Amino acid sequence: MTSQNNSPISVVIVDDHGMFCEGLASMLRQHEDFTVLAAMQDGPSALQSCRVTPPDILIADLAMPGMDGLETIRTALAERLCKSAVLLTMHKHAVIAEDARRAGAAGYIIKDEAFHELADALRAVAAGEEFVEPASLPDNSGATPVLSPRERSILLLIAQGQITKEIADSLNLSDKTVETFRGRLMKKTGSRNMADLVRFAHETGLMA
């Protein structure tokens, strides 16, 4: 996807709350690794925009009049109008996360956290990962976190002493995408610093 080699990630946003939609668009425009192609307020308009200029990622609100976010995402992916999709919702519920997955969405994020988490979520999705906003996940305190293949690859390179630029070049990702994954790894593993992260890699057998 276009997050590789530092090319901007193109997005189309659809949310029937105009101020919220424009707020997200404005926030993403402040990041040099994103290009907002359109900010629409209904599913059909968003799909038409995608037909004109297909984005890397479609960001759709769940609760919209007429065509809701799930239907918008299903249609966009079925017609290959975008490469991936992320669902926005007000509700923290595992059922909605499962509905999003079944619709084909690669990301699911709580709207209350969108201004803090969306950029990282989009970078993860652009790198081929799924993203579920941490606030929507069950509390598994004490359990060893499950890492995705991409997270394991990046953690291994971190543990080998590679810096962000080296990891980005090795995996054909942007520097910011690598930094996003580094932050996710810190959160998932409860690491306070790089030394903790390297220790986790050794203790879980990743370096074996």
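The values are calculated or read from the model by the stated rules, or taken from the named source; none is laboratory data. Predicted model only: the values in this text are computed from it and were never measured. Because the Cβ atoms are built from the backbone with ideal geometry, glycine has one as well, and the counts that use them run over all protein chains shown.
For this structure, a couple of remarks:
- Single residue of the stretch 164-208 satisfying the filter (assigned to a loop (DSSP other than H, G, I, E, B) and among the hydrophobic types (A, V, I, L, M, F, W, C)) that is nearest to the chain's Cα centre (by Cα): LEU173
- Options ALA126, ALA103, ALA78; residue that is more than 15 Å from THR180 (Cα to Cα), at pLDDT 90 or above, assigned by TED's automatic domain parsing to the domain that holds GLU32 and buried (at least 16 other Cβ atoms within 10 Å of the Cβ): ALA103
- Sole residue being in contact with a Gly (Cβ under 6 Å, 6 or more places away or on another chain) and farther than 27 Å from SER148 by Cα, chosen from GLN48, GLN41: GLN41
- Test: residue in the stretch 110-117 that is over 30 Å from LEU185 (Cα atoms), crowded, with 22+ Cβ neighbours inside 10 Å and touching a residue at least 24 places away in the same chain (Cβ under 8 Å): no
- All of SER10, SER45, SER84 fail the test of being of a type in the set (Ser, Thr, Tyr) and either farther than 30 Å from SER170 by Cβ or surrounded by fewer than 18 Cβ atoms within 10 Å (Cβ to Cβ) (or both), apart from SER45.
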